[in-house]
Amino acid sequence: MNQTLKILVIDQDANNADNIVRTIKSAGFAVQKTIVSSKEQLEEVKNLEINPHITIQTNNISELGIRDTRSCFTTDSHEAPIVALCEDASTQQSKLFMDGAHTVLPYNDSEQLKHVTSRLAQTEFYIQALKAQADNYIELSQRYNKILDNSRDAICYIHEGLHTYANASYLKLFEIEDFKDASVLSILELVSPDDKASLKSILKDVSKNHTSGTTSLSFKSGDEFFYPDIEYSPILIDGETCVQFILHMQTSEPKDLQEQFSYINEHEAGFSHKKIVY
């Protein structure tokens, strides 16, 4: 295993704590240990923000119970499991579970501790990986939105004919004051009458078959018609398939924009929200 398992061992006896660590290492884990033998030491650990994957706590410290440990590490996010070790697990487990223990085991059952810890560790590593991906996704999403908002290309997302997103260049191109006005406007109202059928066909094909392509349609802004080069592709927003349109005007930089989108897509693998598919 190539991940280091961070464990917090709460035990008044240093020898017992070392035995617990050795048992976990025997399961094949590289271990980063923190050993606590008093309530004061637990407060110090809290202040250091160690954030263990798993806490293993015996019940031989009278002033420090499972409830104290749980309250010490309570956060708004995922709470790491506490494995409680006690002399008589059968009679004490109900209370220990109520106090916040994830698992209750007999004090000297090394084999069971090893197996339980292995299962919990794999779950914690998986959760840790998901958190890292979520953080990465947020960063990429912010970068993606910045690219869209600052692009000189006119970009919009269309769902069932209506705008669900339009950047500043798109609003300016069609002389729309703000997105609130665009959100109740069908894209079919912006295309010339001769191209309405073609646009309807594209909307239907992308939504049904998830196709991508390029075309040139005649749009109208004010009293003028213009003929931008258009890229269209499916995009998934909150579980709904939308159509993304990029209208390349003469002042745009389609190659640069395409390269930036490609970079975002490569690093956004595994997520469907706002993922461009070319």
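Coordinate-derived values only; no laboratory data. In this text the structure is predicted, and so the values were computed from the model without any measurement. Note that we place each Cβ from the backbone using ideal geometry, even for glycine, and neighbour counts take in every protein chain shown.
Quick look at the numbers
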{"item": "Diffusion coefficient, µm² s⁻¹, Stokes-Einstein with Kirkwood Rh over alpha-carbon pairs of the chain at 10 °C and 1.306 mPa s", "result": "69 µm²/s"}
{"item": "Rounded to 10°, Cα long-axis angle of helix 110-150 versus longest principal axis of the chain", "result": "30 degrees"}
{"item": "Only Lys, Arg (+1) and Asp, Glu (-1) charged, at Cβ; the chain dipole about Cα centre in debye", "result": "660 debye"}
{"item": "Between the stretch 108-147 and the stretch 218-235, the alpha-carbon center distance in angstrom", "result": "44 Å"}
{"item": "The stretch 1-99, relative contact order in percent, only Cα pairs under 8 angstrom and at least six apart counted", "result": "29 percent"}
{"item": "Modelled label reach - LYS131, point 7 Å along Cα→Cβ, the stretch 13-51 residues with backbone N closer than 13 Å", "result": "49-51"}
{"item": "Efficiency of FRET between ASP149 and SER94 - r from beta-carbon atoms, R0 35 angstrom, step 0.05", "result": "0.05"}
{"item": "Where labels lie 7 Å past Cα in the beta-carbon direction, separation of GLU160 and GLN142 in nm", "result": "3.4 nm"}
{"item": "Dipole axis of the chain (+1 Lys, Arg; -1 Asp, Glu on Cβ), positive-most option in PHE174, ILE10, GLN93", "result": "GLN93"}
{"item": "Sites LEU188 and ASN209 - FRET efficiency at Förster radius 22 Å, r taken between beta-carbons, to 0.05", "result": "0.65"}
{"item": "The stretch 28-179, relative contact order in percent, only Cα pairs under 8 angstrom and at least six apart counted", "result": "14 percent"}
{"item": "Relative contact order [Cα under 8 Å, 6+ residues apart], the chain, whole percent", "result": "12 percent"}
